Amino acid sequence: MPTALYPYLTEPGRLGPLQLPHRMLMGAMHLGVEGDPRMLDQLIAFYDERVRGGAALIITGGVAVHPHGIEGQMFCLTEPAHRRDLETLVQGVHRVGGRIGLQLFHAGRYARAEDIGQPAWSASPVASRLTREVPQAMTGEQCRDLRSAYAKAAQFAGQAGFDAVEIMGSEGYLLNQFLSPMVNHRTDEYGGWDGGVALVGEIVAAVREALPPDRALIFRISGWDLMPEEPDRGQVRQLAQKLVGWGVEALNVGIGWHESKIPTVAQRVPPAAFAAVVADLRQHVTVPIIAANRITHHDQANFLIEHGLTDFVAPARPWLADAEWAAKALSPGGGTINPCIACNQACLDRTFSRPPRAAGCMVNPRTGHEAVLPFGIAANSKTVAVVGSGPSGLAAARAAALRGHRVVLFEAQDDIGGQLRWAAKIPWKQVFLGTIGYYRHELLRLRVAMRCSTTADADELATFDRVILATGVKPRVPSFETADGYLPLTYARALESAEFLPGRPVIIGGGGIGIDLALYFAGREASPMGIETFLADFGSAPDRDRPSVSLLTRRPRPGTTLGLTTRWIVLDALLKWGVAVKTRAEVLHIANNGVLAALDGTPTWIAGDFVVLCTGQEPNRDLLSKLSGRVSVQTVGGARATEQLDAVRAFQEGFEAGNAL
């Protein structure tokens, strides 16, 4: 029954022959383990946990219909072993009462020659920015063979017991390429817009004919390519209507190509930024419409359905962050979700890496380990002290409490969160407040004693059975020559008092923290970034009217440690927001009105009103020596080591330490 809090989101719905209990699906996403027989149990455990978490229908990550269509680590339906594994996967989902759809996929020019052993296929030999490889133009015969491959894939889906099939026609993959004026330069029967539509129509009709009538057929349509050349709105509407005529029973609306210069799933993208595109298509078709991009919270999804912008929602990564994403909306009082913060660090950055790595989740370290890290009450309940409430401390305290231990969390500041509280001050990173809120709710629910404004005492800690030191890091302060004893600010002091620091900062250090500080100071007087402002920002020239910020780095480029899928977004913001980036900069002298630095060997004065050091970190483990030999202690996160430290590692180490007790 629909719940009072989210009555539209939780009401039953229908996708063709499928009667579903509510409107919350789990969208397709690659997990980086598909096709690896050693990881099949893990894949089944991942899906089973999402079924128990309430997903009305799960769509698999893309499954290649042809060996030429493989992108990274994935199943391919021409491999007998992969077909057997997919049959086992369906059985696993059905065993726990779930429904699952198979996404039929061909990467087209996004496939790489080293993966498939020859040049990729596409409509025309037009290289992509993603692979920088020139694909081979498909012959007419190959196009017809492709149609046959899709039909055989649909037949397999029916035989294997899949409840639905989704044809991937978005995100710049093969069928989307045939519909793109930028890629399809053909002059044969499959050339141009009409020819691309003809090929898609043949494939959809073949799939519908091969698929049993009691299985739903969904098409993932590109609502907006976000590319320099793309179909116009009228053409997209026309395609949607044709798809319905060919037997498609629901349209899942995708946004953007992987090589688009406007992001679609990162933190910088406002929530539900592309809902208007989905709503436009909904007005022109008679089948249900499914929305996905940047829909994280139940209230967003409920609003979109209530106001007729969509019929269903199919978020993907929010299910990584919280396996009970739907169940919490279905509970009578609602539930506090662990929100996806769209950081991409443990999911897309991993699955798009070369070679691909297994996906996880920064804020939910259990994701990707469901088969090997089951929760359960420990045989012997212990008293556990966790010192520090940053990412490691929060994850450790929650995991230990879930194991049935009696946990006390010590925090020297007046509230929990540690450096997450600082991160939440950075433009578009306010989402970390949701992470803190979730962990606060969990610790209260699990009766963890949170002792804020409390400096942990070694004598008291020694009375516990176990101590987890999650005390994090402290800024590294190199020895620089300074004028008149001037002390530059550490990044910690700057973030604590940022609102009281007017004027032009000079920031030393071009890593993630330095860039965050630069974006904070450059953007602190900007208007909140709504959808229109966001879209305009990516088409704008650099804004020279914002406060001047200088960022110095010794490296040839800033942000070299930032994530694969988001670094370009951050660098774009530095450029657009007027941050003056000085590379290959060696600091010679610091004063209260600027920095003297050698830029490519040339001494240069960089004026400013204050200087901030973002020059690395050191472990903060002062308590460790005081506890040695008195109590069992484990250090996690930055307190253990600062090398390759990020929030993903911090959350993971804290979780594993608490879960192991």
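Helix 192-210 and the long axis of the chain differ in direction by around 80°, with both axes built from C-alpha atoms. Normalised by residue count, region 52-140 yields a Cα convex hull volume of 116 Å³ per residue.
Across region 333-348, computed HN-Hα scalar couplings (Karplus, 6.51 cos²θ - 1.76 cosθ + 1.60, θ = phi - 60°) run x, x, x, 7, 7, 8, x, 5, 9, 6, 7, 6, 5, 9, 10, 4 Hz from first to last residue, x flagging Gly and Pro.
Reported value for the chain: 164 Å³ per residue, from the convex hull of its C-alpha atoms. Which residues does the label zone of residue 94 cover in region 154-169, counting backbone N under 14 Å from a point 7 Å along Cα→Cβ? Within reach of a label on residue 94: 156-164.
Rounded to the nearest 0.05, what FRET efficiency do residue 493 and residue 424 have when you use their Cβ-Cβ distance and R0 = 22 Å?
Result of the calculation: an efficiency of 0.80.
When shorter helices are ignored and each DSSP H run of at least 4 residues is given -39500 (n - 2.57), the per-residue value for the chain at 222 nm works out to -9000 deg cm²/dmol. Taking label points 7 Å from Cα along the Cα-to-Cβ direction, residue 133 and residue 561 give a separation of 3.2 nm. Accessible-area rank, largest first, for 30, 94: 94, 30, with all protein chains present and a 1.4 angstrom probe.
With contacts taken as Cα pairs under 8 Å and at least 6 residues apart, the chain reaches a relative contact order of 12 percent. With a threshold of 23 Å on the Cα-Cα distance, the over-threshold entries among 261/425; 261/576; 429/474 are 261/425.
Rounded to the nearest 10 degrees, the inclination of helix 140-160 to the longest alpha-carbon principal axis of the chain is 80 degrees.
Extension gain for the segment residue 445 to residue 283, taken as residue separation times 0.36 nm less the Cα-Cα distance, is 53.9 nm to one decimal. Can you work out the base-10 log of I(q)/I(0) for region 272-347 at q = 0.16, 0.27 1/Å, using the Debye formula on its C-alpha atoms alone? For the requested q values the scattering log ratios are -0.60, -1.25.
Could you calculate the FRET efficiency of residue 383 with residue 354 from 1/(1 + (r/R0)^6), where r is the beta carbon distance between them and R0 is 45 Å, rounded to 0.05? Let's see the in-between values first.
Values: r = 46 Å, r/R0 = 1.03.
Computed FRET efficiency for residue 383 and residue 354 comes out at 0.45.
Approximating the spin labels as points 7 Å out from Cα along Cα→Cβ, the residue 375-to-residue 588 distance works out to 5.9 nm. Whole-Hz Karplus values for region 383-396 come out as 8, 10, 9, 10, 10, x, 10, x, x, 5, x, 4, 5, 5 Hz, taken residue by residue from phi with 6.51 cos²θ - 1.76 cosθ + 1.60 and θ = phi - 60°; glycine and proline positions read x. For the pair residue 205 and residue 484 in one chain, pulling the backbone fully straight at 0.36 nm per residue adds 92.6 nm over the alpha carbon distance.
Accessible surface computed residue by residue for the chain, with neighbouring protein chains in place and a 1.4 Å probe, gives 39 Å² per residue. Taking a straight line from the alpha carbon of residue 626, these aspartates and glutamates sit under 19 Å away, with near neighbours fewer than eight places off in the same chain left out: 411, 457, 459, 460, 465, 618.
Protein-only accessible surface at a 1.4 angstrom probe places the residues 141, 643, 202 in the order 643, 141, 202, largest first.
Relative contact order for region 445-604 using alpha-carbon pairs under 8 Å, separation at least 6, rounded to a whole percent?
Contact order relative to length: 25 percent.
For region 402-487, applying the loop criterion from DSSP together with a ceiling of 16 other beta carbons within 10 Å to the GluC sites (Glu not before Pro) yields 481.
Surface calculation, 1.4 Å probe, protein heavy atoms: residue 469 sits at approximately 0 Å² accessible. Near residue 223: Cβ cut-off under 12 Å, other residues only, Lys/Arg at +1 and Asp/Glu at -1. The net charge is 0. Net length available on complete extension from residue 36 to residue 596 is 196.2 nm, with 0.36 nm assigned per residue and the Cα-Cα distance removed.
Under 5 Å from the amide H of residue 490 lie the amide H atoms of 613, each residue being 5 or more positions distant or on a separate chain, with H modelled from the backbone and absent for Pro and chain starts. Within straight-line reach of residue 152, meaning a Cα separation under 24 Å, sit the following lysines at least 8 residues removed in sequence or on another chain: 242. Listed values for region 254-267 are Karplus-derived 3J(HN,Hα) couplings in whole Hz (6.51 cos²θ - 1.76 cosθ + 1.60, θ = phi - 60°), namely x, 10, x, 9, 5, 9, 4, 8, 10, x, 10, 9, 9, 4, and x replaces Gly and Pro.
Seen against the Cα atoms of the chain and their longest principal axis, helix 512-523 is set at about 90 degrees. Placing a label point 7 Å from the Cα of residue 126 along the Cα-to-Cβ direction, the residues of region 216-237 whose backbone N falls under 19 Å of that point are 221-237.
Sorted largest first by accessible area at a 1.4 angstrom probe radius, with every protein chain in place, the residues 582, 429, 576 fall in the order 582, 429, 576.
Amide H to amide H distances under 5 Å link residue 15 with 20, where only residues 5 or more positions off or on other chains count and H is placed in the peptide plane. Taking 20 Å as the straight-line reach from the Cα of residue 328, the aspartates and glutamates in range (excluding those fewer than 8 positions away in the same chain) are 11, 48, 49, 299, 306, 311, 370, 442.
Per-residue surface analysis assigns residue 479 an accessible area of about 120 Å², computed on protein heavy atoms at 1.4 Å probe radius.
The values are calculated or read from the model by the stated rules, or taken from the named source; none is laboratory data. Only a predicted model underlies this, so the values are computations on that prediction, with no experimental measurement involved. Virtual Cβ from ideal backbone geometry, glycine too; neighbours counted across all protein chains shown. Please note that ligands, DNA and RNA were not included when accessible areas were found on the heavy atoms of the full protein model with its side chains. Shrake-Rupley method; radii C 1.70, N 1.55, O 1.52, S 1.80 Å.
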